[in-house]
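The values are calculated or read from the model by the stated rules, or taken from the named source; none is laboratory data. Being a predicted model, the structure only gives us computed values, none of them experimental. Cβ atoms come from the backbone with ideal geometry, glycine included; neighbour counts cover every protein chain shown.
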Amino acid sequence: MTEEENVHLRRTTADLPPTPPDSEDGGPEKAGTEIAASSSTPSFPLPPPTSTPTQVLDPDKKTPDSWLPRDPRLIRLTGVHPFNVEAPLTDLFNEGFLTSPELFYVRNHGYVPNCEDEDVLNWEFSIEGMVEHPIAMTLRDLLDQYEQRTYPITLVCAGNRRKEQNIVRKTKGFSWGAAGVSTALFTGVPLGELIHRAKPKRGARYLCMEGADKLPNGCYGTSVKLNWATDPNKGMMLAHAMNGEMLRPDHGKPLRVVIPGQIGGRSVKWLKRIVITSEPSDNWYHIYDNRVLPTMVSPEEAANNSTWWKDERYAIYDLSTNSAIAQPAHDQQLCLVGSEPVYRVRGYAYGGGGRRVTRVEITLDKGKTWRLANIDYAEDRYREARRQNLCGGVLDLWDHEASFCWCFWNLDISLEELGQSSDIFVRAMDESMNIQPRDMYWSVLGMMNNPWYRVTITKENDYLRFEHPTQPALLPGGWMERVKNAGGNLANGYWGEQIGGEEVPEPVTEAAAAEVKMTKDGLNNLITVDELRKHDKEENPWFVVNGEVYDGTDYLKDHPGGASSITAAAGMDATDEFVAIHSETAKAMLIEHHIGTLDEKGKAALAGEEGQPEVDSEPTAVFLQPRAWRKATLCNKKTVSWDTRIFSFKLDHGEQTLGLPVGQHLMIRLRDPVTREAIIRSYTPISQTTQKGTMDVLVKVYFNTNERKGGKMSQAMDALPVGHFVEFKGPIGKFRYLGHGRCTVNDVERRIKTFIMISGGSGITPIYQVFREIMQERSDDTRCVVLDSNRLLEDILCKEELDAHAKDNHEKCRLMYTLTSAPDGWEGLRGRIAAPLLKEHASRSAHGAGEAMVLVCGPEALEKTVHKALLEDGWKDDDLLFF
Ligand code: MTE
């Protein structure tokens, strides 16, 4: 190559505009804004200082790459050879928007083909297959015959962040950290221009590419859709230079394909052949690499059944939305004394397929609340620049709308807040509202891993220490490894923070759910979402379960849960609540109220609502809302006995009360940690209804035993680590105690002189709430007879509190416990609550007509027995209330 020829391939400093100021990442702008380039002379980032490595490193000396000098800072991910590396995340981030070629990540499936400098211009490649005009040309021809263009492009390996997957469960891929991503100015020719010249024939649909590297399963090759290659908006190019200098050997010298917005695996290096075809590439690496197989396909299944691999639906092209935190770095410590009061958290984000990242959000409370970070899209500054030569090509991007590069984000957070939090999460969303998922989608190749990126915070004396999820390759460190080594289950839905109750409850199978028929045959009435919405009032409430519409009007009076639970769902999708709370019998009753099916548009509209994160509204005086789930964070968990806990939840602010009338309940919604299925149950908190800032819920945990499945909800609650939130909705229930003997049942007021309160096990909690209200109000002379049944003495819940109230109020209260396994010397009652006990202590004849009411809450068997016995004793259903 003559010096004159080489001029195309070298960086000419004359091309370059003045160097822009160093840091462009934000300052005091309002969070969520993007930082604009200065309007007059857009200054775009230039390549960072570079130095071509000159030394062949020791590990390479005995490999086929023994001729190739490399940078020693790179972290090797697959031992010595082939060369697969990423830079330390901090070094990569500190280079800025553009990465120097020596720190740019490398993914080689085998040895690096060696093309000496003098052979570069004679490098031959071809475009053949289903084309009218096959092309065979050299790099010299490409430089001579086409205008050279320069684009900033981010390449990302599909395995970026795979180590996180490997720690959860070993995949078939090696362990990338979060630095399998790099950006450079690539110079070359838009691929579409060559394809137009070759003129694809009718029926041609794919563009297959092959590299010069000969590997165990043939050369490296893959394909993309042909119409992407001819679409200028996709930005695909044949590149020969990177940051203004000839491609380095590891990055495809002398010629490669660069496909922006797609996984790096499609950007074939050392390009030799392009073949236009009607089918996707049959190259071994196209089929057995770069796929996200369904999550249930195990490594064994994938190895035994090749049909999974040949299904083009599982091939990956566009990158998924992703982000990571770079500062604080892994293991960084921040001194709480003497440091700036505010710390700037920073990182990167990228979207796929040219889609722009439109928001980056940070949470310090595990997703309960989010804040917007500032975003710096340095790529825009190239768009805004005038047409000019840059790095041996023309920079002229004013009409390129797609976003092919990463962006940087930052957010200032006070040290105080960091000190109070146990982790920082980031998630990004793109312009199509593709948002990073909370939880990992594990797959056999571990590709496209993009759950929220979590950095943990540990307080050590006056320091905060930060831990990233992992460290690349076999490097030790990271909170995931720590949690796993301590026996945590990283797949439990709480980042492994589970405490006890690890057994996975069996999910309700579709078959089981389908057994109960809830729809009328032959009812072909399609209902639109607008019609549904018209029935969102109390008078004539319609609601949706599994896409079917039901009219709740006739049932308002008789609903055991009270009218409020129907009206709370009016005009809405109540599937989660209905399915989770109702018995098979109740489900069967729904059929009578079936009035039609929601049309497809309506289903889509409701599905969209379900997926929406809850918008945090202005602080309210009371916490509970009847029609919206509200989140509260678990702030304390007190073990009362081996199977009983008091969970304390923090409300939105210190002055907020729960907003639960006495006698009513709330619903708690948790997601099954593994299946993410909603588990909903109603509870009555034991804290005073006037308590501010927090509330306490007493839960008896029904553990799985060899003989029977335990309680789904109570076990999931038990597994909930402090600092995580659950969701609440309410109030619900048909009973309310207003004070001084006044109460309402389904909003009809009654006056009661005596309450007979019958409970079993944790059924005491709603009873206790009413009992306490009466006992602590001196001027309330309503009488209470309490009959509480348990197996063992230690099973009696709230005993101390009940006893104390009874002692202070013996004139208006009789408190009795009955035990089925009473200890020796037990002076209370013995045996189950059944007819004899009820006759003695809850006899109908002892009370005037309409003056007494029986409140019952306990296990189903107890409620049934009590119901029967009370009716036989002469009680009327109107006087009985089953919680
Ligand atoms: N091209 C060839 N010929 N051989 C390869 O091994 N690896 C692919 C792609 N092109 C590969 C290839 C993969 S998986 C990636 S992620 C990118 O190149 C990496 O490009 P880089 O090494 O320049 O970062």
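All of (1) within 26 Å of the chain's Cα centre (by Cα); (2) under 30 Å from ASN389 (Cβ atoms) hold for GLY244 with one exception: (1). Quick check: is even one residue across segment 273-289 within 27 Å of the chain's Cα centre (by Cα), of a type in the set (Asp, Glu) and under 14 Å from MET209 (Cβ atoms)? Yes, the conditions are met somewhere in segment 273-289.
Could you check segment 262-282 and list, in sequence order, the residues that are more than 14 Å from the ligand (Cβ to nearest atom) and surrounded by 23 or more Cβ atoms within 10 Å (Cβ to Cβ)? The answer is ILE276, and nothing else. Within segment 283-327, restricting attention to residues that are polar (S, T, N, Q) and within 22 Å of ASN434 (Cα to Cα), which residue is farthest from the ligand (Cβ to nearest atom)? Checking each candidate, the answer is THR295. In segment 380-399 there is at least one residue matching the filter, namely being of a type in the set (S, T, N, Q), under 30 Å from VAL268 (Cβ atoms) and in contact (Cβ under 8 Å) with a residue 12 or more places away in the chain. The number of residues in segment 693-710 being touching a Phe, Trp or Tyr at 6+ places or on another chain (Cβ under 6 Å) and surrounded by fewer than 21 Cβ atoms within 10 Å (Cβ to Cβ) comes to 1.
Does at least one position in segment 676-687 carry a residue that is in contact (Cβ under 8 Å) with a residue 40 or more places away in the chain, under 19 Å from ARG438 (Cβ atoms) and in a loop (DSSP other than H, G, I, E, B)? Yes; the residues of segment 676-687 include at least one that is in contact (Cβ under 8 Å) with a residue 40 or more places away in the chain, under 19 Å from ARG438 (Cβ atoms) and in a loop (DSSP other than H, G, I, E, B).
Out of the residues in segment 358-371 that are part of a strand (DSSP E or B) and either among the polar types (S, T, N, Q) or over 17 Å from the mean Cα position of the chain (by Cα) (or both), which is surrounded by the fewest Cβ atoms within 10 Å (Cβ to Cβ)? Ranking the qualifying residues of segment 358-371, first place goes to THR363. Within segment 136-179, if we keep just the residues that are within 14 Å of the ligand (Cβ to nearest atom) and aromatic (Phe, Trp, Tyr), the residue that is surrounded by the fewest Cβ atoms within 10 Å (Cβ to Cβ) turns out to be PHE174.
Count of segment 862-879 residues, restricted to those that are in contact with a helix residue (DSSP H, G or I) (Cβ under 6 Å, 6 or more places away or on another chain) and either more than 19 Å from ALA846 (Cα to Cα) or not charged (D, E, K, R) (or both), is 3. Of the residues that make up segment 816-831, is at least one touching a residue at least 12 places away in the same chain (Cβ under 8 Å), of a type in the set (S, T, N, Q) and part of a loop (DSSP other than H, G, I, E, B)? Checking segment 816-831: at least one residue is touching a residue at least 12 places away in the same chain (Cβ under 8 Å), of a type in the set (S, T, N, Q) and part of a loop (DSSP other than H, G, I, E, B). Only one of the listed residues (GLY571, GLY547, GLY562) is in contact with a strand residue (DSSP E or B) (Cβ under 8 Å, 6 or more places away or on another chain), modelled with pLDDT under 85 and not hydrophobic (A, V, I, L, M, F, W, C). That residue is GLY562. For segment 222-259, enumerate the residues that are within 13 Å of the ligand (Cβ to nearest atom) and in a loop (DSSP other than H, G, I, E, B). Once the filter is applied, which keeps residues that are within 13 Å of the ligand (Cβ to nearest atom) and in a loop (DSSP other than H, G, I, E, B), segment 222-259 yields ASN243, LEU247, ARG248, GLY252, LYS253, PRO254, LEU255, ILE259. So for segment 207-221 (the condition being more than 12 Å from the ligand (Cβ to nearest atom) and in a helix (DSSP H, G or I)), does at least one residue qualify? Taking every residue of segment 207-221 in turn, none turns out to be more than 12 Å from the ligand (Cβ to nearest atom) and in a helix (DSSP H, G or I).
Where residues in segment 547-568 are within 31 Å of the chain's Cα centre (by Cα) and within 20 Å of MET667 (Cα to Cα), which of them is surrounded by the fewest Cβ atoms within 10 Å (Cβ to Cβ)? It comes out as THR567.
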